[in-house]
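What follows is a single structure, written as structure tokens, with notes after it.
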Amino acid sequence: MHGVRYVNEDGTPYVKKEIDKKKVMTIAGIILAVIFLVLIIANLVITNKKKKACNKIEETVISAAYKYASDKKILPEVGGQEIEVSSEDLIKENYIKKSDLTYEENVGKATVTITKYKEDYIKSVELENCSYCTSRYKKWSKETDKYDEDKNVVDVITTYNYYNRSTYYTKYTDYIESSEVSTKKSKYGTYLPLDESILPEIPSTGVIVTIEQQTKTYYSYRDKRWRYYKYQCDYSAFSSEQPSGYANKDRGTVQYTEWSKWSINYPDEKDYRTIKKDTGYRWYYKDGKKKIYYNSGEYTPEQPSEKYTEKEKKTVTMYSYRDQEWRWYNDCKRYYTSITSKKNDNYPYRDDETLTYTNWTSWKPESSVNSENSYYREEKTDTHSRYRIKYDIYSLIKLDEALPEKEFEKKLGKSLEEIAKDPTIALEITYKFKYKK
């Protein structure tokens, strides 16, 4: 019989089943697992909260120690060298407060080690008497070549070897214009040519120390030119056609207008007009598969800029023109000189409306403006640059094995600072790391 028979009030019998022990055990197991999981999560939350508090203490002390060493100008200068900064000094000099080292009412002590590493510094901190923040690190990791900048407790193991070094300089390049020089500073601290192929060659075994840039001001000038005239007579403005009230054309004043904008329309023909023609294209460049046309697809014979590298096959004939024009007069003639910069005593009057310019000269290393020509000569300047390379040639490595600092100094008979400053020696510094975990 699987159960005990009972009778309800109305006399209907029913059976009360026995408790399923396996089911009860399963439910109890689930409850225990949930409780265990909750405890794990709670422990993780507490642990993370502790770690954050400790990290804050460590990073506060590290930051203060680095600023202290920088302010005191005691940062190490040679790779692998280190200094130590104590929390006592930081508190004494008001870089931190005791509260910055307090965890659960324990006021800890700290020692920050700052090690020169390549072009940077590695900062490591050791905490004492700081409750969990001291005890959370159990042991050192194995030695590794990899530097992990996210770790706050690191031991830097440095060894040294060296080469004999000879230093050389190339010849300087020719000077180049500023437009040919990069506007971005290079890793050598100078602004290099856009086309670096112009830099001097060095031997294949050479190691570049720096690329030196030397600058010099160069000058270019252009001259203003006018027509001078002898007599003050009434003249018209410049005109291609005879203006009203002026009977005569002074052919000595002839000048040309600027060329007109290119057009597909053929201009009116005039006896004073010169017309030229050329083939016009629709220029474009590609942005992915999309064609970007110059000026919304306007035709033009010349490539608008280096950006517009493509042109449509369809073409049109285009025209441009310029006109001759003169000054006009009646009975009194001025008698003009040819176009010139310098005044002639026999022609004392200058016609400012005849002003033209010469082309700019090539760049020259000296100024060409003086008190005699400054009234007609304009000058512009440009900073030109030239370059040479400083490079080293190294011997074979000198020692059979790299040595720690003290042994290395003893081997070479001088301090690491003296070795690093010796122009005939190139250090080879090897770094390895261990981390507290």
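Each reported figure results from applying straightforward, stated rules to the coordinates on display, with no laboratory input. Fair warning: this is a prediction, and the values are worked out from it, not measured in the lab. Here the Cβ is made from the backbone with ideal geometry for all residues, glycine too, and neighbour counts use every protein chain on show.
Structure notes:
- ³J(HN,Hα) computed for each position of region 401-407 - Karplus, 6.51 cos²θ - 1.76 cosθ + 1.60, integer Hz, glycine/proline x: 8, 6, 10, x, 3, 5, 5
- Dipole axis of region 221-377 (+1 Lys, Arg; -1 Asp, Glu on Cβ), positive-most option in SER338, GLY245, TYR235: SER338
- The stretch between ASN295 and LYS67, if pulled fully straight at 0.36 nm per residue, gains 76.4 nm over its current Cα-Cα span.
- Computed from label points 7 Å out along Cα-Cβ, the spacing between GLN255 and THR430 is 7.9 nm.
- Net lengthening on full extension, THR340/TYR169 (0.36 nm per residue, minus Cα-Cα): 56.6 nm
- Protection-proxy order for peptides 220-228, 206-214, 92-100, each taking the mean of Cβ atoms within 10 Å per residue, highest first: 220-228, 206-214, 92-100
- Per residue, the convex hull spanned by the alpha carbons of region 276-317 comes to 66 Å³.
- Gaussian network model of the chain, springs between alpha carbon atoms under 10 Å - residue of SER244, SER341, SER368 with greatest fluctuation: SER244
- With a cut-off of 16 Å on the backbone N, the residues of region 173-196 near the modelled label site 7 Å out from TRP360 along Cα-Cβ are 176-181.
- Rg/Rh for the chain stands at 1.31; both radii use Cα atoms, and Rh follows the Kirkwood definition.
- All Cα-Cα separations within region 278-375 were binned at 5 Å from zero, giving a P(r) of 2, 8, 12, 11, 8, 7, 9, 10, 11, 10, 6, 3, 1, 0, each value a whole percent of the pairs.
- GLU201-THR215 pseudo-label distance in nm [points 7 Å out on the Cα-to-Cβ vector]: 3.1
- Net lengthening on full extension, TYR188/TYR137 (0.36 nm per residue, minus Cα-Cα): 14.2 nm
- Normalised alpha carbon radius of gyration of region 203-280 [divisor 2.2 N^0.38 Å]: 2.30
- Karplus-derived HN-Hα couplings along region 139-151 (A = 6.51, B = -1.76, C = 1.60, θ = phi - 60°), whole Hz, x at Gly and Pro: 7, 8, 6, 6, 5, 9, 7, 8, 8, 10, 6, 7, 8
- Phi to ³J(HN,Hα) by Karplus 6.51 cos²θ - 1.76 cosθ + 1.60 over region 103-112, Hz, x for Gly, Pro: 9, 6, 6, 8, 8, x, 10, 9, 10, 9
- Estimated from the Cβ-Cβ distance and a Förster radius of 25 angstrom, the FRET efficiency linking LYS50 and GLU128 is about 0.90.
- For the chain, averaging the sequence separation of C-alpha pairs within contact (under 8 Å, six or more residues apart) and dividing by the residue count gives a relative contact order of 25 percent.
- Debye, to nearest 20: dipole size of the chain, +1 on Lys, Arg Cβ, -1 on Asp, Glu Cβ: 1240
- Sparsely packed GluC sites (Glu not before Pro) within region 342-428, loop by DSSP, other Cβ within 10 Å at most 15: GLU366, GLU372, GLU401
- If R0 is taken as 30 Å, the Cβ-Cβ distance between GLU353 and THR309 corresponds to a FRET efficiency of 0.10.
- Taking label positions 7 Å along the Cα-Cβ direction at both ASP148 and LYS398, the computed distance is 3.6 nm, reported to one decimal.
- Among PRO301, THR424, SER367 the positive-end extreme of the charge dipole of the chain (Cβ point charges): PRO301
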